[in-house]
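Working notes for the structure below.
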Amino acid sequence: MKYQGFSFNKLKIASFDFTCCEGCQLQLANRESSLTDFFELLDIRNFREISSEQHNDYDIALIEGSVSRQDEVERLEAIRRQATTLVAFGTCACFGGVNSLKNKFPLKESVTEVYPCMLIETSPIRKISEIVKVDLFIPGCPVNKEEVERIVVSLVTGSLVFLPKYPVCVECKAQINTCLFELGEICLGPITRAGCNSVCTTGKTPCLGCRGPAEEINMAAFLALVTERGLSQDDLREKMAFYNAFEGFTNYEA
Ligand code: SF4
Ligand code: SF4
Ligand code: SF4
């Protein structure tokens, strides 16, 4: 196919939802200004939200959501067998996401609290890398469509796919925002991977770390900042646990 003088093969792509709100898949159909160009790059083989056609000859599989049932395990394994590149698409898939809060309660209690009259098959939440090999992680709750577009272009052109290594604070300061620590709030921006254009903090809401840890984070300095400001360690732990994205970082000594 030729596109503005450039020859390429469209990506044979499929998108599948597991335990989630489907907000990340919705992002694929977002951003109308670039939607036509975006879809020009893709040969969509299976994507329930935008087409009733279903084909199983895809190369790239986007997996949205975490895993909470045995039938999801089997479905995910079958997708893995077909896909050349399997992408953990969004925070639920990458880390377990907000669904992981369920794991803090006894299984029966967490289900019957929400659905008292229903029998539901459910197991503890797992991120998809606990079940199958993942080739690419695109974090975010939801994913950032601009970042997804950039990654898709990289895949089409065979160039390097990368996520920002630096923390959200870099994007936040570039927007000349007042730091929320100055207003007495705990914000996870200093330890969270950028790429969302600091959307929460620009809206005066502290970052809850949906994109997971930035590379080479200085946890000691971050903890010192929280302590220096007299902010609550319990609040900090709660925020870091919200998306389950800081697993392995939460057993720190305050
Ligand atoms: S990462 Fe967030 S937006 Fe995406 S599916 Fe999970 S809960 Fe929904
Ligand atoms: S508000 Fe959060 S993201 Fe922004 S500079 Fe302060 S700590 Fe960093
Ligand atoms: S500011 Fe933090 S919580 Fe908000 S989208 Fe960005 S990484 Fe996620």
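The values are calculated or read from the model by the stated rules, or taken from the named source; none is laboratory data. Quantities reported herein were computed from a predicted structural model and do not represent experimental measurements. Positions of Cβ are generated from backbone atoms using ideal geometry, with glycine treated the same way; all protein chains shown enter the neighbour counts.
A few remarks follow.
- When the range 21-71 is filtered for residues that are of a type in the set (Lys, Arg), free of Cβ contacts under 8 Å to residues at least 40 places away in the same chain and surrounded by fewer than 18 Cβ atoms within 10 Å (Cβ to Cβ), only Arg48 remains.
- Only listed residue being assigned to a helix (DSSP H, G or I) and either away from ligand 2 (no atom under 16 Å from the Cβ) or not polar (S, T, N, Q) (or both), chosen from Ile151, Ile63, Ile50: Ile151
- Filter result for Gly189 (in contact with a strand residue (DSSP E or B) (Cβ under 7 Å, 6 or more places away or on another chain), outside the structural domain of Asn103 (by TED's automatic domain parsing) and within 28 Å of Val87 (Cβ to Cβ)): yes
- Against the test of being away from ligand 2 (no atom under 16 Å from the Cβ), charged (D, E, K, R) and at pLDDT 95 or above, the options Arg193, Arg126 yield a single qualifying residue, Arg126.
- Test: residue in the range 221-235 that is β-branched (Val, Ile, Thr), within 13 Å of ligand 3 (Cβ to nearest atom) and surrounded by 12 or more Cβ atoms within 10 Å (Cβ to Cβ): no
- Residue in the range 178-193 that is within 16 Å of ligand 1 (Cβ to nearest atom), of a type in the set (Val, Ile, Thr), surrounded by fewer than 22 Cβ atoms within 10 Å (Cβ to Cβ) and more than 30 Å from Phe39 (Cβ to Cβ) present: no
- Of all residue pairs spaced 6 or more apart or on separate chains, those with beta-carbon atoms under 6 Å, a first member in the range 128-147 that is under 15 Å from Leu26 (Cα atoms) and within 16 Å of ligand 3 (Cβ to nearest atom) and a second member that is charged (D, E, K, R) and in a loop (DSSP other than H, G, I, E, B) are Pro139/Arg211; Gly140/Arg211; Lys145/Arg31.
- Taken over the range 173-201, the criterion of being within 8 Å of ligand 3 (Cβ to nearest atom) and assigned to a helix (DSSP H, G or I) is satisfied by Gly189, Val199, Cys200, Thr201.
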